[in-house]
1. Based on this model, can you work out whether residue 105 counts as part of a helix (DSSP H, G or I), at negative phi, surrounded by fewer than 17 Cβ atoms within 10 Å (Cβ to Cβ) and at pLDDT 90 or above?
2. Output the number of the condition that residue 244 fails; it satisfies all remaining conditions of (1) within 23 Å of residue 140 (Cβ to Cβ); (2) touching a residue at least 60 places away in the same chain (Cβ under 8 Å); (3) surrounded by 17 or more Cβ atoms within 10 Å (Cβ to Cβ); (4) in contact with a helix residue (DSSP H, G or I) (Cβ under 6 Å, 6 or more places away or on another chain).
3. Yes or no: residue 237 surrounded by fewer than 16 Cβ atoms within 10 Å (Cβ to Cβ) and out of contact with any helix residue (DSSP H, G or I) (no Cβ under 9 Å at 6 or more places or on another chain)?
4. Only one of these is touching a strand residue (DSSP E or B) at 6+ places or on another chain (Cβ under 9 Å) and either modelled with pLDDT under 90 or buried (at least 18 other Cβ atoms within 10 Å of the Cβ) (or both): 145, 165. Name it.
5. Between 262, 231, which is within 20 Å of the chain's Cα centre (by Cα), surrounded by 12 or more Cβ atoms within 10 Å (Cβ to Cβ) and at negative phi?
6. Looking only at segment 122-138, count every residue that is surrounded by fewer than 16 Cβ atoms within 10 Å (Cβ to Cβ) and assigned to a helix (DSSP H, G or I) and tell me the total.
7. Listed residues 51, 23, 47; which is touching a residue at least 40 places away in the same chain (Cβ under 8 Å) and either touching a strand residue (DSSP E or B) at 6+ places or on another chain (Cβ under 8 Å) or closer than 17 Å to residue 114 by Cα (or both)?
8. Would you tally the residues in segment 210-234 being outside any loop (DSSP other than H, G, I, E, B) and touching a helix residue (DSSP H, G or I) at 6+ places or on another chain (Cβ under 6 Å)?
């Protein structure tokens, strides 16, 4: 049983940052193996927390600079801190659409759209959009992101609430369609991930408090989270390299094949 949780942590860690949908893969694995751990809310919270910590570590320098710029601009109103202050506000704006829709429709989505066939179709949709942006390079850097861009990227993140639609993939598509450079789109995508992930975790902890936690499984949860954190850290760096080199076509092929197999055989 311990090994199962570690393996699932590895799967969560690998699929979270790359554009193939971690939630969609959990639905697929549930249909393939019918593992109780895949329906374990506590494990989902722990493994997602592991991925969150890893991404915070990867972007720690950017996060720290944005935090300092935000605070210093509020205190001093000095121009050198304004871009960082503005960037934080844009992240907040970009987070709002998915935050609102998640609160309003998450139960409906889980009830009606967590069917494995829907996941297969969603993977094909992900493949299509990744194909459309595979050669885009964009011209805007971090300083040139507008409120309109943040809203557009945030709306793409709303679509990623559907199992099988990759969150990182959707926000990257939104960023590239907004004219962002690859690195700027990559960074903004993961800056949006952090508040959404924190909010999801807080809501999950609330549910855990109500339901309770099986102490006998605590070590399984912890090791699963550690596995997710380690794999997410390296997968994020690996994906950044692929993104900057414009090699998204690899994920297009994967999502096409995975989506077709799910529709045909599951």
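1. Values: part of a helix (DSSP H, G or I): yes; at negative phi: yes; surrounded by fewer than 17 Cβ atoms within 10 Å (Cβ to Cβ): yes; at pLDDT 90 or above: no.
No, not satisfied.
2. Only one criterion in (1) within 23 Å of residue 140 (Cβ to Cβ); (2) touching a residue at least 60 places away in the same chain (Cβ under 8 Å); (3) surrounded by 17 or more Cβ atoms within 10 Å (Cβ to Cβ); (4) in contact with a helix residue (DSSP H, G or I) (Cβ under 6 Å, 6 or more places away or on another chain) is unmet by residue 244, namely (3).
3. Working: surrounded by fewer than 16 Cβ atoms within 10 Å (Cβ to Cβ): yes; out of contact with any helix residue (DSSP H, G or I) (no Cβ under 9 Å at 6 or more places or on another chain): no.
No; evaluated as a whole, the condition is false for this residue.
4. Details: 165 fails: touching a strand residue (DSSP E or B) at 6+ places or on another chain (Cβ under 9 Å).
When all the criteria are applied, what remains is 145.
5. Working: 262 fails: within 20 Å of the chain's Cα centre (by Cα).
Sole residue among the options that is within 20 Å of the chain's Cα centre (by Cα), surrounded by 12 or more Cβ atoms within 10 Å (Cβ to Cβ) and at negative phi: 231.
6. We begin by selecting, within segment 122-138, every residue surrounded by fewer than 16 Cβ atoms within 10 Å (Cβ to Cβ); these are 128, 132, 134-135, 137.
Right, trim to assigned to a helix (DSSP H, G or I) and you get 128, 132.
So the answer is 2.
7. On the way: 51 fails: either touching a strand residue (DSSP E or B) at 6+ places or on another chain (Cβ under 8 Å) or closer than 17 Å to residue 114 by Cα (or both); 47 fails: either touching a strand residue (DSSP E or B) at 6+ places or on another chain (Cβ under 8 Å) or closer than 17 Å to residue 114 by Cα (or both).
Every option except 23 fails the conditions.
8. In the first step, residues of segment 210-234 are kept if they are outside any loop (DSSP other than H, G, I, E, B); the result is 210-211, 215-234.
Still in the list and also touching a helix residue (DSSP H, G or I) at 6+ places or on another chain (Cβ under 6 Å): 220-221, 223-225, 227-229, 231-233.
Residues in segment 210-234 being outside any loop (DSSP other than H, G, I, E, B) and touching a helix residue (DSSP H, G or I) at 6+ places or on another chain (Cβ under 6 Å): 11 in total.
The values are calculated or read from the model by the stated rules, or taken from the named source; none is laboratory data. Quick caveat: nothing in here was measured; it's all calculated off a predicted structure. Don't worry about glycine lacking a Cβ; one is built from the backbone with ideal geometry, like all the others, and counts go over all protein chains shown.
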